[in-house]
1. Considering the stretch 486-512 alone, what residues qualify as being modelled with pLDDT under 85, surrounded by 10 or more Cβ atoms within 10 Å (Cβ to Cβ) and among the small types (Gly, Ala, Ser)?
2. Which of (1) crowded, with 16+ Cβ neighbours inside 10 Å; (2) in a helix (DSSP H, G or I); (3) at pLDDT 85 or above does residue 395 not meet, given it meets every other one?
3. Identify, by number, the condition in (1) of a type in the set (S, T, N, Q); (2) within 26 Å of the chain's Cα centre (by Cα); (3) surrounded by fewer than 17 Cβ atoms within 10 Å (Cβ to Cβ) that residue 293 doesn't meet.
4. Would you check if there is a residue in the stretch 197-216 being farther than 30 Å from residue 147 by Cβ, at pLDDT 90 or above and of a type in the set (A, V, I, L, M)?
5. Here is a list: 456, 439, 449, 474. Which entry is over 30 Å from residue 406 (Cα atoms) and either among the acidic types (Asp, Glu) or more than 31 Å from the chain's Cα centre (by Cα) (or both)?
6. Report, ordered by the first and then the second residue, all pairs with beta carbons closer than 7 Å, sequence separation of six or more or different chains, a first member in the stretch 177-193 that is part of a strand (DSSP E or B), and a second member that is of a type in the set (Phe, Trp, Tyr).
7. What is the residue count in the stretch 172-194 for residues that are within 26 Å of residue 345 (Cβ to Cβ) and crowded, with 16+ Cβ neighbours inside 10 Å?
8. For residue 472, are the conditions met, namely being touching a residue at least 24 places away in the same chain (Cβ under 8 Å), over 27 Å from residue 356 (Cα atoms) and of a type outside the set (Phe, Trp, Tyr)?
Amino acid sequence: MSEPSTFRVDAPSAPEPSSKRRRWLDRSSIRRLRHDAIQPRRFHEPWDERENERTRLPATEQVHLAGLTLVDVFTPSTVSHLYETLKDLPTLRPARRQEWLDAVAHSRGTLVGGHISLGITRPPGPSFGMEGFVDPGLPNGVEAVALGIEFVAPSITAIVANFTISEAAGDLSPLLRADYQTERGSPDISVHGQLGGLRARVPWSRPKQYQLSQNVHGVEELKRSACQRTIDEFETRCCDWLAERFRGRFTTESLDRRPTLIHLLTVEQRPFEDRPIPLEPLELDFAPVVWRSAESLGWALTFPETRRNSMWSPRNRITASARRSDLPARVPGAGVDPLSNWDAIAEFDDCHERLVAVWGVSCLLSLYATELAILRDQAGAPRRFSRPVRQAREFDLYLLADGLDASALTADVLALTEDLERFRWRMPEYTEDLDVLPEQVAAQREPDELVPALREHLRGQCTRLSEDTRTTTENLRASAQLRQAIANTRLQRTLLLLSGLATTIAIVTLLASKV
């Protein structure tokens, strides 16, 4: 989400000659600004009307949040939770539980990938005629959840959950057609000098030097915020549901760090084509890097590091968007009617499950690199009280948990990405869309392919993480040995001092007894 626009009024650094008059004007400015915050001025109304009409979604267009795809990864330190969950997972055929457990156990010792389906989880009501179970605790608005386990590598088992959202609950069109009015936040008064924070809160204060600032939220920002809140609410509820049943590595992390993929569907406008203004609040009008399906799947992908507001909202979130008529029908010859949310998400799940799981591994490697960087930076931070034992325990805990997992993951991922053809298995190919770039820029380069780019990105992550882990471990080991040598030297000196003191006391006692 973009930062709110801010205007600032700075007072002069030196008071004017008429000091009393200047103080009265300062107080008047503060009163006027506070009054305008409660009753906004009318000059926003014509601008709001133009912006509402410019960004309004046409009556013939519809935009839906069709579903969410969540990924969690089970590493060597968390795979025991997966075994416990599979033992208690409801199923119509209890014999399937042992098949799931055997498949997981077999995958943990081989490099052969694979996939098993855990069925369809649905709320109470009509059945889809598919294997699965009923869960009354599903979030409101979710029609079904397709659960699957992807065996990426021996130390990496991923759970992929595809949530299908109902047509009514995921309809974002009313939010894109509604009228919004510019909102102005409360004024923020900053007073220079001593006790400035306290003086800024005193109503009768007349400061000579001050700053006034106020946030102004325009129509486009309010529309974007309304759509973002709807998506965030669904993501929060779906993440909580998955975390309660499958306690993977991302369960203990915040929502910003959990890998998520959102599905946005349109009816008329193709996303990222001709820069459609009504789709700006959802950032479907333009992205610096857009990947389009090279296998006629109809989907377009944008990754978080290539989105415009990624600096203000750093989230592990992919956006998969498509026009309904561009998606292939699951049953050939089924008709020309647009696909429903259920058909679109099911088609995406069939083709993209392994791609999403591998991307989740990339998010996990980034998480390990961040944790290692924090430990490394904290080791050299100046402290008033030195706590070497506590620091050693924190690093030892990392080495036994995430550090051990990271070592196993980097080795397996490097082996997985060694051969490009084997890495491509069961992953659809996407090509970079150069039409979104200026013609002069697009003519100077060839479009990249997503799967080879993802492979190189994973290999680079593993190489950097391995080098950082080895360097940090060696430095901390050398530091621990040096501290141990210092402690031994101090202990020897203390023992020598105590021995000399004991000898002196014994001699004095002996001489005193003779006297």
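1. Once the filter is applied, which keeps residues that are modelled with pLDDT under 85, surrounded by 10 or more Cβ atoms within 10 Å (Cβ to Cβ) and among the small types (Gly, Ala, Ser), the stretch 486-512 yields only 487.
2. The one condition residue 395 does not meet is (3).
3. With (1) of a type in the set (S, T, N, Q); (2) within 26 Å of the chain's Cα centre (by Cα); (3) surrounded by fewer than 17 Cβ atoms within 10 Å (Cβ to Cβ) applied to residue 293, the lone miss is (3).
4. Initially, the stretch 197-216 is screened for residues farther than 30 Å from residue 147 by Cβ, giving 197-216.
Narrowing further to those that are at pLDDT 90 or above: none.
No: the stretch 197-216 contains no residue that is farther than 30 Å from residue 147 by Cβ, at pLDDT 90 or above and of a type in the set (A, V, I, L, M).
5. 439
6. Between residues of the stretch 177-193 that are part of a strand (DSSP E or B) and residues that are of a type in the set (Phe, Trp, Tyr), the close pairs are 189/210; 190/210; 191/210.
7. Kept after step one, since they are within 26 Å of residue 345 (Cβ to Cβ), are these residues of the stretch 172-194: 172-177.
Filter again for crowded, with 16+ Cβ neighbours inside 10 Å, leaving 172-173, 175-177.
Final tally of qualifying residues: 5.
8. Working: touching a residue at least 24 places away in the same chain (Cβ under 8 Å): yes; over 27 Å from residue 356 (Cα atoms): yes; of a type outside the set (Phe, Trp, Tyr): yes.
Yes: the conditions hold for residue 472.
The values are calculated or read from the model by the stated rules, or taken from the named source; none is laboratory data. This is a predicted model, so every value here is computed, not measured. Reconstructed Cβ throughout: ideal geometry from the backbone, glycine too, with neighbour counts over all protein chains shown.
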